[in-house]
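Single-structure report; data block below.
Read-outs throughout are calculated quantities, based only on the coordinates presented, and are distinct from any laboratory measurement. All figures in this text were calculated on a predicted structure; none of them were measured in a lab. A quick note on method: Cβ atoms are made from the backbone with ideal geometry, for glycine too, and the neighbour counts reach across all protein chains shown.
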Amino acid sequence: MSEPLRIQPNLEFVQELQAIGGQDLKKCYQCATCSVVCPLSPMDRSFPRKEMVWAQWGLKDRLVNDIDMWLCHKCGQCSEQCPRGAKPGELMSALRNMAYRNLMGPKFIGEWMSSIKHLPKLIAIPAIIYLLVWFVTGSLQGTPFPLEHGKIEFGLIFPGDYTIDPVFVLVFFFAVYTFIRGIGKLYQGFDTQPKTFVLGYHPPENIWVSLYQVLKEEVVTHKKWKDCGEEEPEDTKFKGHLVLFYSFIALAVVTGIVAFTHWGGKVLPFLHMPYPMALWNPVKILANIGAIGLFVGLIYLTKRRVAPSEKDESSYYDWYLIVLIWVVAVTGMLSQIFRIAEVAGLAYSVYYLHLVSVFMLIAYTPWSKLGHLVYRIAALTYARRHGRLSTEIETDKNKVYVI
Amino acid sequence: MSQSILVIGGGFGGITAALEAAEVGHEVYLVEKNPYLGGRVMQLNKYFPKLCPPSCGLEIQFQRIKRNPKITCLTLAEVMSVSGQPGNYEVAVRIKPRCTDQSSVDLSKLAAELSRDIPNAFEFELSTRKALYMDVPFAFPQRYTLDRDNLDESDRRKLTKHEAIDLDAKEKTITLNCGSIIVATGWKPYDVANLTNLGAGRLANCITNMQMERLAAPSGPTAGSITRPSDNRPPRKVAFVQCAGSRDENHLPYCSYICCMASLKQAQYVREQYPESEVTIFYIDLRTPGRYENFSKKILADEKVKAVKGKVAAVQEDLASQGIWVTAEDAVAGNKLVECFDLVVLATGMQPSLSGLPLPMDVGMDENGFLTGGEERGIFSVGCAKEPLDVMKSAQSGTSAAMQAIQTVRGR
């Protein structure tokens, strides 16, 4: 280095990091054990040692634009083997939490999503919307728990075409729009950081090929999770996440089919499917398999989170998401059961809760831990395109030289 | 009131304390658990500050002990219990039988005839010994020791006939009366079996720094030539792994003080013996306190000695060459290194010998096994029983403890 570099520590940022999970980062004495024991850390500019020193120095620009936080899958090896208890793994997840909070506006959502004290406000938004709907439709029906030919029909209180689909479509596209801008901002940040010049590696020709490779080789197989270790408790985590992931996909497919046949049915009548679906309908079967999968995955993941672990602590972001998915799954299952059992009062109430929780899951996704679904895939895609390879990736040319 | 002083531990610190007290006229009991005096220094090839062999220093001390009628030296002896108060302690000492004659008769021929080869603890299992042994160089006392648990029937037959052997000797417990106690129980190398990511002692060419001392020592298993345990070939590339178990919450949380110096010293052994060799020292911080800094500068000025900031966190044996693949991150460059070395030396730290053992006397012990307090009860700890130290500072603390013990038994 020919010119001395004057670093400008951002102390406020350090304190912020310490507050959201990096409380032990000052204990680090830079022995670099973490970078070595990490099964995913690349050979060059390895993580998480460098993040630890950046965090100690308060180099905010480096940290918020650091792609490596998304390469980490938090197996906890680094925290476990850290000789100082500095918990590098917690810092990496604190950085991700910070990204959920600060990457995208509106600022107040990020703020509200970061702490349990703001949770009532987040619940209140959908709760009030659907309470109003319930009040209006209930008055029109003359009862809050109406029946049609003796059967419970959720559409009587929450008519899909007018109160559910428009709201959820709006909310969905709001989240999608936020994500697209978020990816742009993420990539802009990555672009400011130094790159590695990699010889012998042929990066995917464009970002879409890169995305395809990430989906095919990493997301579908959860390969990185396997690299993180196949022994307990990593195995529980891997299985839980895999099952949960595919259950979500199953449920997304179901939602897609229902929306398509419903709205498509209005134009092309032969697409129309009667609702509620019969239990033997393949789509209904898929929905119920998805729901059961959701429970299985949740049980795995919750079991691991509840077990006290030094190397992998759970933050509010972790709990928010896991509890919310529990609520979605439980209320979804119960509203079906109560509907079939014809317990009107409970069925409508639980269905109401289901709507509220699903609204929260979708609308606040970019600011929740679920945002990793998009941000992580985006980062991995970028990483592949720029040759930021984890140690494990083998290229078709076998040898990769890193300069 | 007793004017006698008990010194527990016959290593450098204990010997120093015993001599200082005896040479001003106090009766001293020196109790050593092992068959021979000299402790850890005896196992070193060279020691700081002047890089002398252990004979320089220890041999003189042995002479002083031999000539001083005030010192009663009890080897193979352990303190079992202590009762009483300062100025009047009753100490029960259990003495294991040596089973050989008082005279310093040469039993080497007889020893060679015995059947079993037993892993030699003094050589850190780099070689074996017989059940009848005198495995330390310039042993004091100059007497063979018989390890009766490792004899078979034919051995017993051979030994019973010999007049210098007493197969039926009994263990005995004696009671000593003393006014003050000096605890100089020293240290043991941290157990590498705990270092699972560094081979846990199972890789032939991944040795500890104390094993390296034995390999380099002229009295050691290779007569001083530093060779790989797997094939006895000279190593070309040698790595030192600092803080192997020290400064680590999962192992020893403290700095063992001397391992950086030990590795620099051993780098010199390697470089002197093999001018073509290359040495890499992987460290977190190179701690070379005080004047040792000069030594560090001298060793690191050698362009074939490289120091890399980054702790080694993974080792793997090369199946073909039995070399050791070492992974570390060079924290200055920010890149991971994966490099194969012919020989890897783990700079394991010091653990107090008493760590995890019940204490026979009323003295404090911190969570790492170091002794604390005791002064008010006339009990003084020395050297590595109290904190990790080098030989020089241990000897100094021995002198200081002797002074305090004298003050206790005589009053000021």
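Which lysines have a Cα less than 23 Å from the Cα of residue A:216, not counting those fewer than 8 places away in the same chain?
A:74, A:224, A:226, A:237, A:239, A:369, A:397, A:399
Using alpha carbon coordinates only, what is the Rg to Rh ratio of chain B, with Rh defined as the Kirkwood radius? Could you put the intermediate results ahead of the total?
Values: Rg = 22.4 Å, Rh = 22.6 Å.
Rg/Rh: 0.99.
Once phi is turned into ³J(HN,Hα) by the Karplus curve 6.51 cos²θ - 1.76 cosθ + 1.60 with θ = phi - 60°, what whole-Hz value does each residue of the stretch A:371-382 show in order, with x for glycine and proline?
Whole-Hz 3J(HN,Hα) from phi for the stretch A:371-382: x, 4, 3, 8, 5, 5, 4, 4, 5, 5, 4, 4.
For the stretch A:250-362, what number results from the quotient of the Cα radius of gyration and 2.2 N^0.38 Å? All intermediate terms of the calculation are to be shown ahead of the outcome.
Details: Rg = 16.8 Å, N = 113, 2.2 N^0.38 = 13.3 Å.
In units of the globular-protein estimate, the stretch A:250-362 measures up at 1.27.
Which angle between 0 and 90 degrees, to the nearest 10, do you get for helix A:234-267 versus the longest principal axis of chain A when only C-alpha atoms count?
Once rounded, one gets 40 degrees.
Just how many % of Cα pairs in the stretch A:111-385 lie over 23 Å apart, if you round to the nearest whole percent?
Numbers: 23467 of 37675 pairs.
In whole percent, the long-distance tail amounts to 62.
In degrees, nearest 10, range 0 to 90: what is the angle between the Cα axis of helix A:344-363 and the longest Cα principal axis of chain A?
Between helix and principal axis, roughly 30 degrees.
Can you tell me the dipole magnitude for the stretch A:102-219 around its Cα centre, using point charges on the Cβ only (Lys, Arg +1; Asp, Glu -1), in Debye to the nearest 20? Write down the numbers at each step before the final one.
Values: 8 positive and 9 negative charges, 95 e Å.
Magnitude of the dipole: close to 460 debye.
For the stretch A:1-108, max minus min Cα coordinate along each principal axis, in Å, sorted largest first?
38, 38, 23
So which lysines can residue A:121 reach, going by Cα to Cα under 16 Å and dropping same-chain residues fewer than 8 places off?
By straight Cα distance, residue A:121 reaches A:107.
So if each residue of separation counts as 0.36 nm, and I subtract the Cα-Cα distance between residue A:343 and residue A:3, what length gain in nm does that give? Don't jump to the answer; show the numbers that get you there.
Working: separation 340, 0.36 × 340 = 122.40 nm, distance 7.56 nm.
That works out to 114.8 nm of additional length.
What nm value, rounded to one decimal, do you get for the distance between residue A:153 and residue B:196 when each label is placed 7 Å out toward the C-beta?
6.3
Report the longest stretch of chain B that contains none of the GluC sites (Glu not before Pro) sitting in a DSSP loop with at most 10 other Cβ atoms within 10 Å. Show your work: numbers first, answer last.
On the way: sites that count: B:163, B:171, B:276, B:303, B:367.
My reading of the result: B:1-162 is the longest stretch.
For residue B:303 and residue B:78, compute 0.36 nm times the residue count separating them, minus their Cα-Cα distance, and round to one decimal in nm.
Details: separation 225, 0.36 × 225 = 81.00 nm, distance 4.87 nm.
Length gained between residue B:303 and residue B:78: 76.1 nm.
Can you pull out the trypsin sites (Lys or Arg not before Pro) in the stretch B:286-360 that DSSP calls coil and that have at most 13 other Cβ atoms within 10 Å?
Working: sites: B:287, B:291, B:297, B:298, B:304, B:306, B:309, B:311, B:336; in loops: B:287, B:291, B:304, B:311.
Here the sparse-neighbourhood loop sites are B:291.
How much length would be gained if the chain were fully extended between residue B:410 and residue B:51, taking 0.36 nm per residue of separation minus their Cα-Cα distance, in nm to one decimal?
Values: separation 359, 0.36 × 359 = 129.24 nm, distance 3.77 nm.
Full-extension gain reported as 125.5 nm.
For the stretch B:108-180, which trypsin sites (Lys or Arg not before Pro) are in a loop by DSSP, counting at most 13 other Cβ atoms within 10 Å? Please report the intermediate quantities before stating the final value.
Working: sites: B:109, B:116, B:129, B:130, B:143, B:148, B:156, B:157, B:158, B:161, B:170, B:172; in loops: B:116, B:130, B:143, B:170.
Here the trypsin sites (Lys or Arg not before Pro) that fit, given the DSSP loop and packing criteria, are B:116, B:170.
Which of the pairs A:60/B:306; B:46/B:161; A:87/A:223 have their Cα atoms more than 31 Å apart in this structure? Mind showing how you got there, number by number?
On the way: A:60/B:306 33 Å; B:46/B:161 41 Å; A:87/A:223 24 Å.
Flagged as over cut-off: A:60/B:306; B:46/B:161.
Dipole magnitude of the protein assembly as shown about its Cα centre, charges +1 at Lys/Arg Cβ and -1 at Asp/Glu Cβ only, in debye to the nearest 20?
On the way: 87 positive and 82 negative charges, 197 e Å.
It comes to approximately 940 debye.
Among rounded, prolate and oblate, which fits the stretch B:108-150 when a ≥ b ≥ c are the square roots of the eigenvalues of its C-alpha gyration tensor, a/c under 1.5 means rounded, and a/b larger than b/c means prolate? Provide the component values of the computation, followed by the final result.
On the way: a/c = 1.71, a/b = 1.09, b/c = 1.57.
Because a/c hits 1.5 or more and a/b fails to exceed b/c, the stretch B:108-150 counts as oblate.
Specify whether the C-alpha gyration tensor of the protein assembly as shown places it in the rounded, prolate or oblate class, a ≥ b ≥ c being the square roots of the eigenvalues: rounded for a/c under 1.5, otherwise prolate if a/b is larger than b/c and oblate if not. Don't jump to the answer; show the numbers that get you there.
Numbers: a/c = 2.77, a/b = 2.32, b/c = 1.20.
Prolate, because a/c is 1.5 or more and a/b exceeds b/c.
Give me Rg/Rg_expected for the stretch B:354-402, where Rg uses Cα atoms only and Rg_expected = 2.2 N^0.38 Å with N residues.
Working: Rg = 10.8 Å, N = 49, 2.2 N^0.38 = 9.7 Å.
With N residues counted in the stretch B:354-402, Rg over 2.2 N^0.38 Å equals 1.12.
So if I take the centroid of the Cα atoms in the stretch A:289-367 and the same for the stretch A:111-161, what is the distance between those two points in Å?
18
What are the semi-axes of the equivalent ellipsoid for the stretch A:67-140, taken as the square roots of 5 times the Cα gyration tensor eigenvalues, largest first, in whole Å?
On the way: eigenvalues 321, 34, 23 Å².
Over the Cα atoms of the stretch A:67-140, the semi-axes work out to 40, 13, 11 Å.
Starting from the Cα of residue B:50, draw a straight line to each of the lysines and keep only those under 21 Å, dropping any in the same chain fewer than 8 residues away.
Cα-Cα hits under 21 Å: B:265, B:297, B:298, B:393.
Can you pull out the chymotrypsin sites (Phe, Trp or Tyr not before Pro) in the stretch A:234-318 that DSSP calls coil and that have at most 12 other Cβ atoms within 10 Å? Kindly include the intermediate steps, with their values, before the conclusion.
On the way: sites: A:238, A:245, A:246, A:248, A:260, A:263, A:270, A:280, A:295, A:300, A:316, A:317; in loops: A:280.
Passing sites in the stretch A:234-318 are A:280.
If you put +1 on each Lys and Arg Cβ and -1 on each Asp and Glu Cβ, how big is the dipole of the stretch B:63-145 around its Cα centre, in Debye rounded to 20? Don't skip to the answer; put the middle values down first.
Details: 12 positive and 9 negative charges, 72 e Å.
Taking the Cα centre of the stretch B:63-145 as origin, the dipole is about 340 debye.
State, in angstrom, two size descriptors of the stretch B:112-261 derived from its alpha carbons: Rg to one decimal place and Dmax to the nearest whole number.
Expressed in Å, the Cα Rg and Dmax of the stretch B:112-261 come to 19.7, 56.
In nm, to one decimal, how far is the modelled label at residue A:162 from the one at residue A:302, with both set 7 Å along Cα→Cβ?
The two pseudo-label positions are separated by 3.7 nm.
Using +1 at the C-beta of Lys and Arg and -1 at the C-beta of Asp and Glu, which of A:336, A:213, A:242 has the Cα lying farthest in the positive direction of the dipole of chain A?
The residue sitting most towards the positive pole is A:213.
Once the Cβ-Cβ distance between residue A:215 and residue A:176 is put in as r, and R0 is 25 Å, what FRET efficiency do you end up with, to the nearest 0.05? Before the final figure, lay out the partial values.
Details: r = 17 Å, r/R0 = 0.70.
E between residue A:215 and residue A:176, to the nearest 0.05, is 0.90.
Would you mind pulling out the separation of the Cα centroids of the stretch A:30-87 and the stretch B:75-109, in Å?
For the stretch A:30-87 versus the stretch B:75-109, the Cα centre distance is 54 Å.
Suppose each label sits 7 Å from its Cα in the direction of the beta carbon; what would the residue B:166-residue B:24 distance come out to in nanometres?
Placing both labels 7 Å along Cα→Cβ, they lie 3.7 nm apart.
Using R₀ = 30 Å, calculate the FRET efficiency as 1/(1 + (r/R₀)^6) where r is the Cβ-Cβ separation of residue A:231 and residue A:373; round to 0.05. Could the numbers behind the result be given before it?
Values: r = 26 Å, r/R0 = 0.86.
E(calc), rounded to 0.05, equals 0.70.
Run through the DSSP bridge list for the protein assembly as shown and note the antiparallel percent, rounded to the nearest 5. Could you put the intermediate results ahead of the total?
Numbers: 41 of 74 bridges.
Counting only bridges with both partners in the protein assembly as shown, antiparallel ones make up about 55 percent.
Can you grab the distance from the C-alpha centre of the stretch B:127-195 to the C-alpha centre of the stretch B:317-359, Å, no decimals?
Their Cα centres are 32 Å away from one another.
Dipole of the protein assembly as shown (Lys/Arg Cβ +1, Asp/Glu Cβ -1, origin at the Cα centre): which of B:380, A:278, A:166 lies farthest to the positive side?
A:166
In a solvent-free Debye calculation with one equal scatterer on each Cα, what is log10 I(q)/I(0) for the stretch B:190-350 at q = 0.14 Å⁻¹, listed in the order of the q values?
-0.64
Could you please report the charge total around residue B:50, scoring K, R as +1 and D, E as -1 over all other residues with beta-carbon less than 12 angstrom from its beta-carbon?
Net of charged neighbours comes to +2.
Counting only Cα, what are the radius of gyration and maximum Cα-Cα distance Dmax of the stretch B:1-120, in Å?
16.6, 51
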